[in-house]
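Here is the structure we will look at, set down as structure tokens.
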Amino acid sequence: MPALTLIPILGDQLTFGIASLQGVPKTDAVVLLMEVHEETKYVRHHKQKIALIFSAMRHFAAALERDGWRVDYVGLDDEHNSGSFTGEIRRAVQRHGPSRIRVVEPGEYRVREMMNGWAADLGLAVDILPDDRFVCTIDDFRQWAEGRRELVMENFYRGMRLRTGLLMDGDGPEGGEWNYDAQNRAAPDRYLRPPTVPRFEPDAITREVLDLVAVRFADHFGDLEAFGWPVTAAQADEALDAFIGERLAGFGKYQDAMVHGEDDLFHSLLSTSINLGLLDPIDCCRRAEAAYHSGDAPLNAVEGFIRQIIGWREYIRGMYWLEMPALREANALDARRPLPEFYWTGETDMRCMADCVRSTRSNAHAHHIQRLMVLGNFALIAGIEPQQVEDWFLVVYADAFEWVELPNVAAMALWADKGRLASKPYAASGNYINKMSDYCGDCRYTVSKKFGSGACPFNPLYWHFMHRHRRLFEGNRRISRVYATWDRMSADKQQAYLDSADTFLQTLVPAAPGWARD
Ligand code: FAD
Ligand code: DLZ
Ligand code: SF4
């Protein structure tokens, strides 16, 4: 009998080309997929997120079997399901008697710690392979970061362009510039009607999962009704085609725009498929690049899209592994206020916040500027405790895995890492939201009113934030002029800002415990 290899595949490793499946004869392997309570409960994920992962796992298992692999699939309700990855690996070892385990490193630190214990626990060889679905390995990033005073994404990104050859013209960048972001900040046009994003009608497998989630996770945040995520590689491919053909051309220009009730705009909505492994990130970039070369999309859009993937996505992942486990505890601004209840209920008169929470609840999605400049910005300037904000973001988005959620929330949105990732905090008053959206016109608050009754809360909160962190920020070249503006205000005006913010902060109702974690 040839030696048998057990190949566990985690819920975000649903890729035929994944390293653990390469170089092992199908006849000598058992592939193990596990639905386990520990993963569904470590935070109380949005219902759509659990449904997406289970459905994609079940479809992937079926595709592996069709491809000739021997698959052992453990369902959530299977008798004897131990409820944890480690417990299920242990049971699978008893069932199959493998001589070794071959697995790809997980996305999350928490799971890596579990995995590190498997060899000793099971008395078996466990090969933990690098996840080569990323361009930059964890070690490569560490080397890049070593000795640098500032870890600037733009510098990292140029290295990734050179390494992949994407949008290169010889040794230089296509079009002569590395970055066309200056062309990517158009305010929304009130007649903007972007093409609709394809939604995939649930098939029998997905319907079964939706029924299971509706019953077993009934008290988790979020609606299931709008579920239409791609759950197979073929559907994800169709979604990518639709994006490249219909929305990529507008992606750059309207990247930072927000429109009430228009949840997708020109965004790709590919993050769930990329993060689960249904799409290859470099293939997405190559297809976008081809659209540029065929004249179907302008350079600013294509470069912007490629920068998000080989720039931001790779950089964020590198930062996660560089900064963990300290990043989870980071709180450089000593923010201690509890998360307000309206993050869960959407019940607030702030029209921008209410719309972002609505989209989050019904779609398990909000686009980048909604996450950063509305939901994140509010938490930053109101001084909400990072760990509570991080839990919220990890729960509510279908694309949220800690490796990508945590650096985006703690470091980019909340400046909790003291600027290791973002040299200045993304703090903004209502003016920014008004410029980039159509939210303010019909809001109960008045965006042009600076303080006092009826003033947009973002206005006094912004100055309250800048004032209370003056010692940290006034030496920062990129923000010092803010303090020059503050100093030119009369003492009465300054006090009016601070009082107005304090009055507003006192109205915030903390969320009841138990929304995010049991
Ligand atoms: P598009 O706007 O179409 O962008 C294309 C792709 O670029 C995305 O699919 C994604 O793969 C990648 N990308 C873009 N920006 C980032 C970024 N900052 N970090 C990593 N990848 C990026 N993204 C997640 O995948 N999971 C998260 O949990 C997550 N949490 C976030 C929390 C905050 C506070 C912020 C500010 C951003 C967060 N992001 C997260 C990044 C980004 O908002 C989402 O990737 C994006 O909104 C997904 O929608 P899309 O596919 O339409 O993206
Ligand atoms: C997020 C998630 C959930 C909700 N459930 C499962 C599961 O039951 N089985 C599984 O393999 N993966 C699940 N996941 C994704 C894992 O949490 C993810 O693979 C790790 O976070 C990566 O380190
Ligand atoms: Fe948001 Fe202020 Fe505009 Fe209202 S006025 S939508 S609270 S930015």
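Overview of values
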quantity: Linear extension gain, Asp283 paired with Glu246, 0.36 nm per residue minus alpha-carbon span; calculated: 11.6 nm
quantity: Cα-projected label distance for Thr503 with Arg199, points at 7 Å along beta-carbon direction, nm; calculated: 4.2 nm
quantity: Descending Cα extents along the principal axes, the stretch 363-518, whole Å; calculated: 47, 36, 30
quantity: Full-stretch length increase - His80, Arg100 - with 0.36 nm per residue and alpha-carbon distance subtracted; calculated: 4.9 nm
quantity: Separation of alpha-carbon centers, the stretch 391-419 and the stretch 161-180, rounded to whole Å; calculated: 29 Å
quantity: Residue-by-residue Karplus 3J(HN,Hα) for the stretch 91-103, coefficients 6.51, -1.76, 1.60, Hz, glycine and proline x; calculated: 5, 5, 5, 5, 5, 10, x, x, 8, 7, 10, 10, 9
quantity: Helix-derived mean residue ellipticity, 222 nm - over the chain, DSSP H n ≥ 4, -39500 (n - 2.57), to 500; calculated: -12500 deg cm²/dmol
quantity: Contour excess over end-to-end distance, with Cα ends at Ala484 and Ala120 and 0.36 nm allotted per residue; calculated: 125.0 nm
quantity: Label-point gap, in nm, between Gln494 and Asn331 - each point 7 angstrom along Cα→Cβ; calculated: 2.8 nm
quantity: Cross-link partners of Lys49 among lysines (Cα-Cα below 28 Å; sequence separation of 8 or more within a chain); calculated: Lys41
quantity: Helix 314-323 axis, angle to the chain major axis (alpha carbon atoms, nearest 10°); calculated: 90 degrees
quantity: Reach of Lys450 by Cα under 29 Å, taken over lysines that are not fewer than 8 positions away in the same chain; calculated: Lys418, Lys424, Lys435, Lys493
quantity: Sorted by Cβ neighbour density within 10 Å, fewest at the top, the residues Arg133, Arg358; calculated: Arg358, Arg133
quantity: Cα centroid separation - the stretch 442-507 against the stretch 1-51, whole Å; calculated: 50 Å
quantity: Cα-Cα P(r), the chain, percent of pairs per 10 Å interval; calculated: 4, 18, 28, 27, 16, 6, 2, 0, 0
quantity: 3J(HN,Hα) from dihedral phi, the stretch 409-415, Karplus parametrisation 6.51/-1.76/1.60, rounded to Hz, x for glycine, proline; calculated: 7, 5, 8, 6, 7, 10, 6
quantity: Tyr191 paired with Ser294, simple spin-label distance in nm, labels 7 Å along Cα-to-beta-carbon; calculated: 2.9 nm
quantity: FRET efficiency, Ser453 to Asp223 (Cβ-Cβ, R0 22 Å, nearest 0.05); calculated: 0.05
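Read the figures in this text as sums done on the coordinates, not as results from a lab. Keep in mind it's a predicted model, so treat the numbers as computed, not measured. Positions of Cβ are backbone-derived with ideal geometry, glycine not excepted, and every protein chain shown enters the neighbour counts.
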